[in-house]
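Notes for the one structure printed next.
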Amino acid sequence: MAETLVPRAGKENVLIQAGNCSLTFLPHLGGKIASLRVNDSELLQTPLIPYGQRNRIMTFDEGDASGWDECLPSVSGCRVEIAAGHASIPDHGDLWRVVWQPMVRSADSATFRGDCFSLPLALERSVKLTEAAEGWKLRLDYKVTNTGAYAAPWSWSAHPLFAAEAGDRILLPDSLRELRLESSRGDRLGRTGDLVSWPMATLANGHQTDLSEVQPPSSGTAEKLFAGALAPSENWCALERPKAGVRITVRFDPAATPYLGLWICYGGWPARPGPKQMCVALEPSTAGADSLAQTGPWSRVLAPGDSFCWPMDVEIEPLEGVAGHA
């Protein structure tokens, strides 16, 4: 039977589990999914620095820059005009820096709510983990609600930083042959807004690279790209990890979240001294740009009292016959 939790300001972790797969949530740190483990393998980027309290103005790279957060109402910091004047939205949005309230929990599922402060928006995220013969499935159901008295613009992006190592491979539907560049360290792939071929891309220096193949951290690269608006059949992406022995497939509904962001970072971020990310983020999104201030066919406004719901699935399957398969 599900357990109804009384919201409190404690710092307890929340664990859900199905067989040899487990998730650990940190409600006090933005509802972060801090760990996604299969057998003895951690599938998410581990903290670059120890966990610490967040404030309303710090940038994402001032924190641990790990795990799985939710970006709402924008990925990049920006300023937008609203009926009440204007709203200043911090880097990676509001939710990764606020305490989330646990609502319902059972052994294999949990629901949390996070409230934005820059705009009158609340996000509920329900997570259920199941085990099947072919592996494990993580089902996520989201609902954003306008809790205020005026219409609020918004965009959302999942932010799961999946750990990666050289030789892993990113898989996209065959129909996706071109992505839009949001950012590239040192303009390696070009400039913001450029179209980049997938998977074989031409670098700014004229050389070619296979973007689908994960490179070693010594490469020092960091890129963000977008695909979309996506067709109904372009509803998935995947990361194959031969040494870890798993394939991670993210599935989503392009009618509700019609864009896919790809953050591919191989030792090239953050810019500050210290440890760097080595990860691939597969990010279903409502928008085709990181900034809520950048308008387009993706732009959304939620009326007072209205809600919008969408799903997302993560499937974890063993790769047969490879090292690491249990």
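Just one of the listed residues (Glu178, Glu182, Glu223, Glu134) is closer than 22 Å to Ile316 by Cα and touching a residue at least 12 places away in the same chain (Cβ under 8 Å), namely Glu134. With respect to Ser155, determine if the residue is surrounded by 17 or more Cβ atoms within 10 Å (Cβ to Cβ) and under 21 Å from Pro284 (Cβ atoms). Criteria met by Ser155. Annotation: of all residues in the stretch 267-322 being in contact with an Asp or Glu (Cβ under 9 Å, 6 or more places away or on another chain), of a type in the set (D, E, K, R) and part of a loop (DSSP other than H, G, I, E, B), the one that is modelled with the highest pLDDT is Asp290.
Collect the residues in the stretch 182-216 that are closer than 19 Å to Ser76 by Cβ, under 23 Å from the mean Cα position of the chain (by Cα), small (Gly, Ala, Ser) and surrounded by fewer than 16 Cβ atoms within 10 Å (Cβ to Cβ), keeping them in residue-number order. Listed by number, the list holds a single entry, Gly193. Using the structure shown, decide if Ala158 is in a loop (DSSP other than H, G, I, E, B) and in contact with a Pro (Cβ under 6 Å, 6 or more places away or on another chain). Considered against the rule, which asks whether it is in a loop (DSSP other than H, G, I, E, B) and in contact with a Pro (Cβ under 6 Å, 6 or more places away or on another chain), Ala158 comes out as no. Among the residues of the stretch 59-68, not a single one is more than 20 Å from Lys276 (Cα to Cα) and touching an Asp or Glu at 6+ places or on another chain (Cβ under 6 Å). Being of a type in the set (Val, Ile, Thr) and either crowded, with 23+ Cβ neighbours inside 10 Å or within 14 Å of the chain's Cα centre (by Cα) (or both) is the filter here, so list the residues in the stretch 220-262 that pass it. Of everything in the stretch 220-262, those that are of a type in the set (Val, Ile, Thr) and either crowded, with 23+ Cβ neighbours inside 10 Å or within 14 Å of the chain's Cα centre (by Cα) (or both) turn out to be Val246, Ile248, Thr249, Val250, Thr257.
The criterion of at least 3 residues that are farther than 15 Å from Val14 by Cβ and at pLDDT below 95 is met by none of the strands (runs of 3 or more DSSP E) falling completely within the stretch 56-118.
Consider only pairs whose beta carbons are under 9 Å apart and that are at least six residues apart or on different chains; among these, list those whose first residue lies in the stretch 68-94 and is farther than 10 Å from Ser291 by Cα and whose second residue is surrounded by 24 or more Cβ atoms within 10 Å (Cβ to Cβ) and modelled with pLDDT under 95. Close Cβ pairs satisfying both conditions: none exist.
May I ask you to list the residues in the stretch 13-43 that are closer than 20 Å to Glu124 by Cβ and hydroxyl-bearing (Ser, Thr, Tyr)? Hit for the stretch 13-43 is Thr24, nothing else.
Hey, any hits in the stretch 116-129 for a residue that's over 22 Å from the mean Cα position of the chain (by Cα) and among the aliphatic types (A, V, I, L, M)? For the stretch 116-129, residues over 22 Å from the mean Cα position of the chain (by Cα) and among the aliphatic types (A, V, I, L, M): absent. Take the residues in the stretch 25-53 that are hydroxyl-bearing (Ser, Thr, Tyr) and within 16 Å of the chain's Cα centre (by Cα), then tell me which one is surrounded by the fewest Cβ atoms within 10 Å (Cβ to Cβ). The extreme case among them is Thr46. If we scan the stretch 54-77, do we find a residue that is surrounded by 15 or more Cβ atoms within 10 Å (Cβ to Cβ), farther than 26 Å from Val38 by Cα, among the small types (Gly, Ala, Ser) and in contact with a Lys or Arg (Cβ under 7 Å, 6 or more places away or on another chain)? Scanning the stretch 54-77 turns up no residue that is surrounded by 15 or more Cβ atoms within 10 Å (Cβ to Cβ), farther than 26 Å from Val38 by Cα, among the small types (Gly, Ala, Ser) and in contact with a Lys or Arg (Cβ under 7 Å, 6 or more places away or on another chain).
Restricting attention to the stretch 285-306, does a residue exist that is β-branched (Val, Ile, Thr), farther than 16 Å from His92 by Cα and surrounded by 19 or more Cβ atoms within 10 Å (Cβ to Cβ)? No, the stretch 285-306 contains no residue that is β-branched (Val, Ile, Thr), farther than 16 Å from His92 by Cα and surrounded by 19 or more Cβ atoms within 10 Å (Cβ to Cβ). Considering (1) of a type in the set (A, V, I, L, M, F, W, C); (2) within 23 Å of Cys78 (Cα to Cα); (3) within 20 Å of the chain's Cα centre (by Cα), the lone condition that Ala151 does not fulfil carries the number (3). Report, by residue number, each residue of the stretch 28-40 that is at pLDDT 95 or above and more than 16 Å from Asp115 (Cα to Cα). Scanning the stretch 28-40 gives Ile33, Ala34, Ser35, Leu36, Arg37, Val38. The residues of the stretch 54-63 that are among the charged types (D, E, K, R) and within 19 Å of the chain's Cα centre (by Cα), listed by number, are Arg54, Asp61, Glu62.
The values are calculated or read from the model by the stated rules, or taken from the named source; none is laboratory data. The model shown is predicted, which means the values in this text are computed figures rather than measured ones. Ideal geometry is used to build each Cβ from the backbone, glycine not excepted, and the neighbour counts take in all protein chains shown.
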